[in-house]
Amino acid sequence: MTTIPRTTAPKSPMAGRLGGVQSSPVRDLLALIDRPEVISFAGGLPSPELFDLDGLRRSFHDVLSPATGRRALQYSPTEGDPALRGLLARRLTVRGLPSTADDLLVTTGSQQAISLVATALLEPGDVVLVEEPTYLAALQCFRLAGATVVPVRSDEDGLDPAALREAVERHRPTLLYLVPTFANPTGRTLTGERRREVAGLAHEHGFWILEDDPYGELRYRGEALPPLSAYPGGQENSVHLGSFSKIGAPGLRLGWLRAPGELLRALTITKQATDLHTSTVDQAAVAHYLAGTDLDARVRTLRDTYLPRRDAMTKALAEVTPPGTTWSDPDGGMFLWVRLPEGTDSAALLRTALRHDVAFVPGAAFYPGEPDRATLRLSFSSYPPEGIAEGMRRFGAALAEAPSGAR
Ligand code: PMP
């Protein structure tokens with residue numbers, strides 16, 4: 001075999017936009033803790049026994065019948081299955097955001113929707129404002145697009161509108177990204193009053209709101225609020241994202257976005273270039289499934305299952321954490337956000353916790369700026385109350401053992 005002499009040095013294999021983007025610590029951690037003995041409060045995983053295996057199996061079986069199967073296996077329009085979009089639009093309308101099938105684009109999970117919005121709207125150097133802390137895979141998307149991410153002060157009621165106004169005037173952002181209802185990682189919910197102010201600011205200053213809403217239906221307490229995008233000024237200035245992952249099953253990778261006409265067209269073109277369309281057969285099966293299922297009843301089952309899990313975790317936190325620890329008290333969703341006493345390093349604590357076969361996500365990764373290292377995220381969705389009690393007992397043992405500085 002002859003070798004061809006190389007005359008030039010190989011080009012750097014990676015594009016510059018990847019420079020500042022780290023692998024997700026949550027996904028890395030999930031790989032690390034994939035041992036049956038570990039009780040993991042790390043991933044935001046829906047409880048698998050709640051997946052409607054029989055219902056979804058029947059739906060796949062039916063759409064793959066001789067009558068419809070060949071169509072379900074064919075290429076299909078980028079916009080998504082019209083029947084599915086109609087069903088989703090009706091559901092969104094009932095939740096307070098009037099929508100038609102034509103307002104929606106089906107996406108491959110809501111994660112793809114974030115990525116499409118980043119590609120369609122952001123020039124390198126554009127500013128994206130985010131609540132702090134925030135969903136870290138959204139941070140990855142904005143960084144991949146070359147945007148500058150600027151955190152905005154947030155408290156127990158979500159993003160602080162006064163801080164937002166200041167940040168908008170100072171940075172002239174293209175986009176504000178937030179999870180207004182049962183946020184990841186904090187579990188916080190933006191109040192109705194603040195929703196009104198945030199939507200009004202977007203209208204007044206002409207920036208886009210990206211409202212990421214995968215948890216909104218998982219409410220355990222209090223009255224539902226309309227989506228932020230439904231408040232005056234919101235509809236024309238926002239993209240609302242929904243997902244089947246937390247109310248159905250995340251392995252289907254089925255999400256959707258709602259956006260005003262011109263932006264919707266741009267996002268559709270962006271999706272054409274990304275993956276042509278979301279899986280035809282998966283969309284057909286979910287449309288078939290939703291048409292024949294009382295999804296509200298299923299959501300009630302999810303709520304009834306997750307509520308005692310949240311309560312088991314907050315009760316245990318009170319028992320096992322040292323004085324000076326605080327945690328969120330979410331009305332819904334899947335997460336508790338914990339702050340250990342000043343000076344604690346939750347990443348160091350995780351190493352001790354893993355020796356006790358329990359896992360969580362250290363909070364630092366959720367901060368776009370200077371992190372608060374004493375914070376961590378616990379997910380309460382994956383185990384029944386007894387499993388949570390055992391996992392929290394191990395968490396307490398790790399806390400008791402950790403050297404000072406690691407707690
Ligand atoms: N946004 C938030 C806030 C999330 O927590 C998640 C999932 N963890 C996603 C988006 C992505 O969800 P999916 O792509 O499964 O719809």
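Structure data summary
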quantity	calculated
Cα shape, region 151-219, gyration tensor, a/c 1.5 rule	prolate
Helix-only CD estimate at 222 nm, as mean residue ellipticity for the chain, using -39500 (n - 2.57) per DSSP H run (n ≥ 4)	-12500 deg cm²/dmol
Amide H contacts under 5 Å for Trp327, placed H, 5+ residues apart	Arg339
Neighbour net charge for Arg95 - beta-carbon separation under 14 angstrom, K R +1, D E -1	-1
Local net charge near Leu252, Cβ-Cβ under 12 Å (Lys/Arg +1, Asp/Glu -1)	0
Phi to ³J(HN,Hα) by Karplus 6.51 cos²θ - 1.76 cosθ + 1.60 over region 334-348, Hz, x for Gly, Pro	10, 10, 10, 10, 10, 10, 7, x, 2, x, 6, 10, 5, 5, 5
Farthest positive-ward along the chain dipole, Cα basis, beta-carbon charges - from Leu241, Val106, Ala297	Val106
Largest-first principal axis extents, alpha carbons of region 53-292, Å	60, 41, 27
Solvent accessible area, Å² - Lys315, 1.4 Å probe, full protein context	130 Å²
For region 144-153, Karplus couplings with θ = phi - 60° (6.51, -1.76, 1.60), whole Hz, Gly/Pro x	4, 7, x, 7, 9, 9, 10, x, 10, 3
DSSP beta bridge pairing in region 53-292, given as percent antiparallel to the nearest 5	40 percent
Probe 1.4 Å - accessible area at Tyr231, Å² to nearest ten	20 Å²
Under the Debye formula (equal points on every Cα, no solvent term), log10 I(q)/I(0) of region 97-185 at q = 0.22, 0.26 Å⁻¹	-1.13, -1.30
The chain shape via C-alpha gyration tensor axes, a/c threshold 1.5	rounded
Antiparallel DSSP beta bridges within the chain, as percent of all bridges there, nearest 5	55 percent
Placed amide H near Val150: partners under 5 Å, 5+ positions off or other chain	Val128, Leu129, Val130
Kirkwood hydrodynamic radius (C-alpha pairs) into Stokes-Einstein, region 226-272, 10 °C and 1.306 mPa s, D in µm²/s	133 µm²/s
Estimated vicinal HN-Hα couplings, Hz - region 72-88 in sequence order (Karplus 6.51, -1.76, 1.60; Gly, Pro = x)	5, 9, 8, 4, 8, x, 4, 4, x, 4, x, 5, 5, 5, x, 5, 5
Radius 15 Å from Cβ of Glu123, net charge of other residues (Lys, Arg +1; Asp, Glu -1)	+2
Residues with amide H under 5 Å from that of Val358, placed H, sequence gap 5 or more	Ile39
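The values are calculated or read from the model by the stated rules, or taken from the named source; none is laboratory data. Predicted model, so just to flag it, every value in this text is computed and none were measured. With ideal geometry, Cβ positions are generated from the backbone for all residues, glycine too; neighbour counts draw on all protein chains shown. Remember, those area values only see protein heavy atoms, side chains included, never the ligands or the DNA or RNA. Shrake-Rupley method; radii C 1.70, N 1.55, O 1.52, S 1.80 Å.
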